[in-house]
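Here the structure is laid out as structure tokens; the discussion comes afterwards.
The values are calculated or read from the model by the stated rules, or taken from the named source; none is laboratory data. What you see is a predicted model, and the numbers here were worked out from it, not measured in a lab. So basically every Cβ, Gly included, is an ideal-geometry build from the backbone, and we count neighbours across all protein chains shown. Heavy atoms of the whole protein, side chains included, go into the accessibility calculation; ligands, DNA and RNA do not. Shrake-Rupley method; radii C 1.70, N 1.55, O 1.52, S 1.80 Å.
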Amino acid sequence: GRQFNLILADGTKVWLNAASSITYPAAFNGNHRRVKITGEVYFEVAADKQKPFYVDVSDKAAVEVLGTNFNVKAYEDENGIRTTLLDGAVRVNAGNSSAILKPGQQALIRLHDNIQLVNDADMLQVMAWKNGLFNFDGYDVQSVMREIGRWYDLDIQYESKPEPRIFRGKIQRNLSLHQLMLALESQNIHFRIEGRKLIITK
């Protein structure tokens, strides 16, 4: 798991979280700019009213950029696609549904392409990955492990169903796997590692 950033031909800045991808042209010809993503990506889109910017998300949704700064989280193993607007405006399209976001709002797309708007999204949590942090506030065990699995490139397995519990707190992403797992052991998470498998035992 690593984090990458790049600058597209039009000056748009892009940050990719672990296990994420972007497909883009070497140059934006024609009357629009379009990219495709999977995983989690943060954009600071360069202004160009003559060429609108579009983001196709995992072939399930599209984001039309009317402003600048936003984050899209679209991992296949998460319970939906989340587009969070930090600044400017974006239109989210999914199936026959469409919604225009204001700064601080999040669009959540689940089954049947329904768009649910979340006001006052937790921006610190949304942007934690870009700022070098895991922010586990409100996460259950499976959500925590999905983040860890992507970042450290591990296959997460469970010997039994984890007990329901909610986590609080933040951890630096630059910790070694050993350091991170010691922190989780202190929270009564027991495990063993076999190659690239992290097996939760209790």
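Of all the listed residues (168, 150, 146), the sole one being open to solvent by 50 Å² or more (accessible area, probe 1.4 Å), of a type in the set (Lys, Arg) and either outside any loop (DSSP other than H, G, I, E, B) or free of Cβ contacts under 8 Å to residues at least 12 places away in the same chain (or both) is 146.
On inspection, residue 82 qualifies as within 19 Å of residue 15 (Cα to Cα) and either in contact with a helix residue (DSSP H, G or I) (Cβ under 8 Å, 6 or more places away or on another chain) or among the charged types (D, E, K, R) (or both). Annotation for segment 67-78: at least one member residue is over 30 Å from residue 153 (Cβ atoms) and either part of a strand (DSSP E or B) or open to solvent by 30 Å² or more (accessible area, probe 1.4 Å) (or both). Within segment 89-104, none of the residues are within 29 Å of residue 174 (Cα to Cα) and part of a strand (DSSP E or B).
Checking segment 96-108 against the condition returns a match, with at least one residue being surrounded by fewer than 16 Cβ atoms within 10 Å (Cβ to Cβ) and in contact with a helix residue (DSSP H, G or I) (Cβ under 6 Å, 6 or more places away or on another chain). Just wondering, is there one or more residues in segment 42-52 that are touching a His at 6+ places or on another chain (Cβ under 6 Å) and open to solvent by 30 Å² or more (accessible area, probe 1.4 Å)? Scanning segment 42-52 turns up at least one residue that is touching a His at 6+ places or on another chain (Cβ under 6 Å) and open to solvent by 30 Å² or more (accessible area, probe 1.4 Å).
Condition test on residue 82, is it basic (Lys, Arg), more than 28 Å from residue 144 (Cβ to Cβ) and at pLDDT 95 or above? Criteria not met by residue 82.
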